[in-house]
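Notes follow the structure.
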Amino acid sequence: MAPASTRAAAALDDVTLDNTDALDCGLCCLPLKPPIFQCKVGHVVCSPCRDKLGAARRCHVCRTTTSDGYHRNHDMEKLLESIRVPCSNAAYGCAAKPVYYDRDTHLRSCQHAPCHCPLKACGFAGSTSALMDHFATVHMWPSTTELCSWRPVQVHLREGFNVTSLRADKQRYLFLITVARKQFGTAISVFCVHPQAPVVDGEPLPTPRTVGFEVRLKYSRRNYGSGDMCRGHTQETKFKVAFTDLSNGLPDSDDACHFFLPKLVHPFDIETITAEFDVGTVRMDALSSSYTLS
């Protein structure tokens, strides 16, 4: 016969909690986490609220005097330590089961938060790593090997979508480079594909971003034919990169910075655009108007 502790653990696998308020502080309504305190009757409060109630010397629920202070509730702490919840990104590959009171902390840094394929007919959603593989294997979009911050590489861009990535701040960031032909030339845009702030109970979690990005794109051409009007051209632009999870497809082009090559400089019959590309991290306080696109 299995030990009682084993039987109990197996029996609690499918437990449902009908009221999560029971796990929250009755004053601030935030999840209870150690240290947890109680009045003489047993009404519990979190540590910050206990400190605020100290001057009142009465329980906020039953009004019992607390002249000798609130006392630690070690049993409640032990119970809460045992309550684990699946990550809301489990469908996208996250196997973590953080302690209930730490779920928001986990979500802020979860590597499996979803981003979306920009093709509406596709509908794929997954982590940035999964999205990178999706772009390469399903759509076979041109990709550049992982970049190093502020180390220029030569890229060969084709019309449509091109992808690359960069590791920074212990995360892998995915960049989508779009190449679109316009009436008078070719427009190149760069977006950082990154999850939006996680949503818990219908409200986005405050998730301060610690890193931003700037891109430098340089195009240079000298091998023009004798009949070409242009005899040589060099163009370089450095610009901030917007963040988007692509949930609504590509952001409005009016909200992005474009690297524009006139048709006279790069004719449409030359399919590949060879350029020098590098991306680097920038402190967020250095990006006075860093922004996110939905």
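The values are calculated or read from the model by the stated rules, or taken from the named source; none is laboratory data. Fair warning: this is a prediction, and the values are worked out from it, not measured in the lab. Backbone-built Cβ (ideal geometry, glycine too); neighbour counts: all protein chains shown. Each accessible area value is taken on the protein alone, full model and side chains, heavy atoms only, with ligands, DNA and RNA left out. Shrake-Rupley method; radii C 1.70, N 1.55, O 1.52, S 1.80 Å.
Using alpha-carbon positions, what is the distance between the centroids of segment 20-73 and segment 268-283, in Å? What the calculation gives is 58 Å, centre to centre. Stretching S226 away from D269 to a fully extended chain increases their span by 13.8 nm, per 0.36 nm per residue minus the current alpha-carbon distance. Here's how it looks for A242: its modeled amide H is under 5 Å from those of C192, which are all 5 or more places away or on a different chain.
May I ask what percent, to the nearest 5, of DSSP beta bridges between residues of the chain are antiparallel?
On the way: 54 of 61 bridges.
Within the chain, antiparallel bridges account for around 90 percent of the total.
Among the protein heavy atoms, those of I270 account for about 60 Å² of accessible surface (1.4 Å probe, every chain in place). When the chain is treated as a Gaussian network with alpha carbon springs shorter than 10 Å, the biggest mean-square fluctuation among A180, A90, A56 belongs to A56. Applied to segment 216-230, the Karplus parametrisation 6.51 cos²θ - 1.76 cosθ + 1.60 on θ = phi - 60° returns per-residue 3J(HN,Hα) values of 10, 10, 10, 10, 9, 9, 10, 8, 7, x, 5, x, 6, 5, 7 Hz, with x for Gly and Pro. Mean projected area of the Cα convex hull of segment 81-234, taken over all directions, amounts to 12.5 nm².
Calculated mean residue ellipticity, 222 nm, the chain: -3500 deg cm²/dmol, from DSSP H runs (n ≥ 4) at -39500 (n - 2.57) each, averaged per residue and rounded to 500. Phi-derived couplings, Karplus 6.51 cos²θ - 1.76 cosθ + 1.60 at θ = phi - 60°, listed residue by residue for segment 108-125: 4, 10, 5, 7, 10, 4, x, 10, 10, 5, x, 7, 4, 6, 7, x, 6, 9 Hz, with x used for Gly and Pro.
Which net charge results when you count Lys and Arg as +1 and Asp and Glu as -1 among the other residues whose beta-carbon is under 15 Å from that of T234?
Values: positive: R216, K218, R221, R222, R231, K238; negative: E236, E276.
Value of the local net charge: +4.
For the pair L79 and D21 in one chain, pulling the backbone fully straight at 0.36 nm per residue adds 19.4 nm over the alpha carbon distance. Between amide H atoms placed 1.01 Å from N, distances below 5 Å from T64 occur with C59, all of them 5 or more places distant or on a separate chain.
Can you tally the lysine pairs in the chain where the Cα-Cα distance is under 17 Å and the two residues are eight or more apart, or on different chains? All intermediate terms of the calculation are to be shown ahead of the outcome.
On the way: K33/K52; K33/K78; K33/K97; K78/K97; K182/K263; K218/K238; K218/K240; K218/K263.
Value for the chain: 8.
Counting heavy atoms of the protein chains only and a 1.4 Å probe, report the per residue accessible area for the chain as a whole number of Å². Write down the numbers at each step before the final one.
On the way: 16620 Å² over 294 residues.
Heavy-atom SASA per residue in the chain reads 57 Å².
Relative contact order of the chain: what whole-number percent is it, with Cα pairs under 8 angstrom and at least 6 residues apart? Please list the in-between numbers first.
Numbers: 521 pairs, mean separation 42.3, N = 294.
Relative contact order comes out at 14 percent.
If I compute solvent accessible area with a 1.4 Å probe over the protein chains, what percent of it on the chain is carbon and sulfur? Roughly 51 percent, rounded to a whole number. When the alpha-carbon atoms of the chain are used, the pair Rg, Dmax equals 27.0, 95 angstrom.
What FRET efficiency comes out for the pair E276/A136, r = Cβ-Cβ distance, R0 = 25 Å, nearest 0.05?
On the way: r = 22 Å, r/R0 = 0.90.
For R0 = 25 Å, the calculated efficiency reads 0.65.
Near S67, within a Cβ-to-Cβ distance under 15 Å, what is the net charge of the other residues, with Lys and Arg +1 and Asp and Glu -1? In short, +4.
Distance between the modelled labels on N248 and A90, one decimal in nanometres: 3.1 nm (7 Å Cα→Cβ projection).
Could you put M140, M132 in order of accessible surface area, largest first, with the 1.4 Å probe and the full protein assembly present? It would help to have the intermediate numbers written out before the result.
Values: M140 140, M132 20 Å².
The ordering from most to least exposed comes out as M140, M132.
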